[in-house]
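Visitor: Please find one structure pasted underneath; my questions will follow.
All of the numbers you see were taken from the coordinates with simple rules; none came from a lab. Just so it is clear, the model here is predicted, and its values are computed rather than measured. A quick note on method: Cβ atoms are made from the backbone with ideal geometry, for glycine too, and the neighbour counts reach across all protein chains shown.
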Amino acid sequence: MDLKENLMSTKAVLDQMQLIVGRRGIVKDSDTAPYLQDERGHYFGKAALILKPASVEECSQIISMANKFGVGVIPQGGNTGYCGGATPFDSKKQIILNLSRMNNLREFDEVNSTMTVEAGAVLSTVHALAEKHDLIFPLSMGSKDTCQIGGVLSTNGGGISVLRYGSARNLVLGLEAVLPNGEVLSDLNGLRKDNTGYDLGGLFVGAEGTLGLITAAVLKLYPKPHNREVAIFGVTSTQSACDFLGRAERLSDGRIVSAEYISRESLNMVLANIPGTLDPFDKTLQHMLLVELATSEIDTDLRKILEQLFEEGVISKELITGVIAESGQQETAFWKLRESIPEAERREGGSVKHDISVRISQVPEFLDKAKKLLDNFIPHRLSVFGHIGDGNIHFNLLPPLGVELGVFKDEFAHELTEKVHDLSVQLGGSFSAEHGVGILKRDELLKYKSRVSINLMRTIKRAIDPNNIMNPGKVIE
Ligand SMILES: Cc1cc2nc3c(=O)[nH]c(=O)nc-3n(C[C@H](O)[C@H](O)[C@H](O)COP(=O)(O)OP(=O)(O)OC[C@H]3O[C@@H](n4cnc5c(N)ncnc54)[C@H](O)[C@@H]3O)c2cc1C
């Protein structure tokens, strides 16, 4: 830093940053509130500035200045993350870089089946762009109308199709990122094969903005499966759900795209809180499995496969009953039951969320043990649902009726969460399957990851971001 730079006051640095983005790129006082708190209202912060850059050059200039003058940079996408990663602390020594103005489609390569988009592109817009070419970007989740590609990659988002297509990491062929020193790493060649050293772009996937700012990515696209069937089954137990799924995967030759578990308690919350939802069954079932099969081969009779699966499931006493959707409208209605669960929990007053994963074969053991642990501990209401097809269960706890979530949390959340996370890790699983670490699970990362992993993560962080300006205090320091 030369003498002139050294004398630059913080105010002058911030003024300079505002000049870089221009008036359209500055979020003014009265509009700042939604950017300063997280989706669930758990974290609130303050920021010296909230900027919306419009180009990678602007991002690079701002980050380079932040690095020189020790200003923390909080990357922000749709701000739908569940771990507080996109919320600044309250010191006012940090700025938010919100990517929503950088949402251009840079290139569509139909032959390569790829799309290059800027990080601020909203997930559902990406879906629509792909569909115009009869292709799909298969990653989808309940927040699709708000979350952005940069956020999805930074959290290595999962969602409802991981079973078939993998999580965000598996769906990106390269990216562009601004490093903490302002340099731009550009790997947008869209190559499906490139064995030339370390996977540098891959470092930024799942890093939650702690290593740099993702500004664009090459996304992998797949043929649109015109042939699809959705069914909802009543299963006798979670063990039966897993056994059934194992067989269904083989019998359908890998055509299952999604397999989502819904417990009675979660369904009841949806029926009570989300208008227009109906129980698909006339019996009260404890365990339900929503299954979607899809293929682009039009002559494959998916309905016949589902009917055969159903028959075998009933004979082997895994399934009690089932409904195959008769129309697109009914498919949407079935999916609404599953996708509305987070909103239904919110309307019930909110929940203590756990986003664990274990091997699919160990899901029943996890659930049995976790329920027993908690039954002996405190009164609570459970909401268990999630991506059972990839071993990711949302094991959420609500306070008993009449008790405020805040009181429940203050008294029990820490111990409850510790019990649930200890159990999943004891079973060889993860304490954070798809939501990331952010600020919420930073202590857990230190507790559950091996010393070797923590040291390696710190070495990488310090090598790439020696001044700790990128999302400081999140994930790892
Ligand atoms: C109703 C609902 C359903 C959800 N369902 C799922 C689900 O099924 N699966 C799932 O995985 N998640 C789910 N989520 C969580 C959330 O939507 C995802 O984590 C999503 O990927 C976050 O994207 P975002 O753009 O909102 O990121 P943000 O919340 O803005 O940011 C998340 C993290 O990424 C960093 N970041 C954001 N943009 C960038 C960038 N350009 N460069 C570098 N770092 C960046 C932030 O600093 C932060 O640490 C759900 C959330 C809601 C509200």
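Visitor: Please give the length that would be gained between residue 304 and residue 413 if that part of the chain were fully extended, namely 0.36 nm times their separation in residues minus their C-alpha to C-alpha distance (nm, one decimal).
Guide: On the way: separation 109, 0.36 × 109 = 39.24 nm, distance 4.64 nm.
This chain segment gains 34.6 nm when fully extended.
Visitor: OK, next. For the chain, what relative contact order do you get, as a whole percent, if you take Cα pairs closer than 8 Å and at least 6 residues apart? Provide the component values of the computation, followed by the final result.
Guide: Values: 946 pairs, mean separation 72.9, N = 477.
Relative contact order comes out at 15 percent.
Visitor: Averaged over all directions, how much area does the convex hull of the C-alpha atoms of region 349-435 cover when projected, in nm²? Don't jump to the answer; show the numbers that get you there.
Guide: On the way: hull surface 20.6 nm².
Orientation-averaged projected area of the Cα hull: 5.2 nm².
Visitor: Bin width 5 Å, alpha-carbon pairs only: give the P(r) of region 28-91 as whole percents, running from 0 to the bin holding the largest distance.
Guide: 3, 17, 25, 24, 19, 9, 2
Visitor: Among 100-109, 203-212, how do they line up by average Cβ neighbours within 10 Å per residue, starting with the highest? Provide the component values of the computation, followed by the final result.
Guide: Working: 100-109: 16.3, 203-212: 24.2.
With the highest mean Cβ count within 10 Å placed first, the list reads 203-212, 100-109.
Visitor: Let me ask something else. Of 114, 174, 140, which is farthest on the positive side of the dipole of region 108-177, counting Cα position, with +1 on Lys and Arg Cβ, -1 on Asp and Glu Cβ, and the Cα centre as origin?
Guide: 140
Visitor: Same structure again: Go through 382, 97, 361 and say which Cα lies farthest out towards the positive end of the charge dipole of the chain; charges sit on Cβ, +1 for Lys and Arg, -1 for Asp and Glu.
Guide: Towards the positive end, the residue furthest out is 97.
Visitor: Now for a different question. Order these by the 10 Å Cβ neighbour count, fewest first: 124, 60. Display every interim value, and only then the final one.
Guide: Values: 124 14, 60 20.
Ranked by crowding around the Cβ, least crowded first: 124, 60.
Visitor: Can you give the Kirkwood hydrodynamic radius of region 314-382 from its Cα pairs, in Å with one decimal? Walk me through the intermediate numbers first.
Guide: Working: mean 1/r = 0.0644 Å⁻¹.
Result for region 314-382, one decimal place: 15.5 Å.
Visitor: Another one. If each DSSP helix of 4+ residues adds -39,500 (n - 2.57) and the sum is divided by the residues in the chain, what number results at 222 nm, nearest 500 deg cm²/dmol?
Guide: Details: 17 runs with 162 residues, N = 477.
Calculated from helices alone, the mean residue ellipticity at 222 nm is -10000 deg cm²/dmol.
Visitor: Another one. Compute the distance in nm between two label points, each set 7 Å from the Cα along the Cα-to-Cβ direction, one at residue 110 and one at residue 92.
Guide: For residue 110 paired with residue 92, the spin-label model returns 5.5 nm.
Visitor: A further question follows. Treating only the Cβ of Lys, Arg, Asp and Glu as charged (+1, +1, -1, -1), what charge dipole size does the chain show about its Cα centre? Round to the nearest 20 debye. Don't jump to the answer; show the numbers that get you there.
Guide: Working: 51 positive and 61 negative charges, 234 e Å.
It comes to approximately 1120 debye.
Visitor: Too long at a 23 Å Cα-Cα cut-off: which of 283/304; 419/461; 132/220; 144/283? Before the final figure, lay out each step's value.
Guide: Values: 283/304 25 Å; 419/461 30 Å; 132/220 15 Å; 144/283 32 Å.
From the list (283/304; 419/461; 132/220; 144/283), the Cα-Cα distance tops 23 Å for 283/304; 419/461; 144/283.
Visitor: Give me the one-decimal Kirkwood hydrodynamic radius in Å for the chain, with the sum taken over alpha-carbon pairs.
Guide: Values: mean 1/r = 0.0424 Å⁻¹.
Mean inverse Cα-Cα distance, inverted, gives 23.6 Å.
Visitor: Let me ask you something else. With the calculation restricted to Cα positions, what are the radius of gyration and Dmax of region 105-223 in angstrom?
Guide: 13.2, 40
Visitor: For region 227-342, state the average projected area of the convex hull of the C-alpha atoms over all orientations, rounded to one decimal in nm².
Guide: 6.9 nm²
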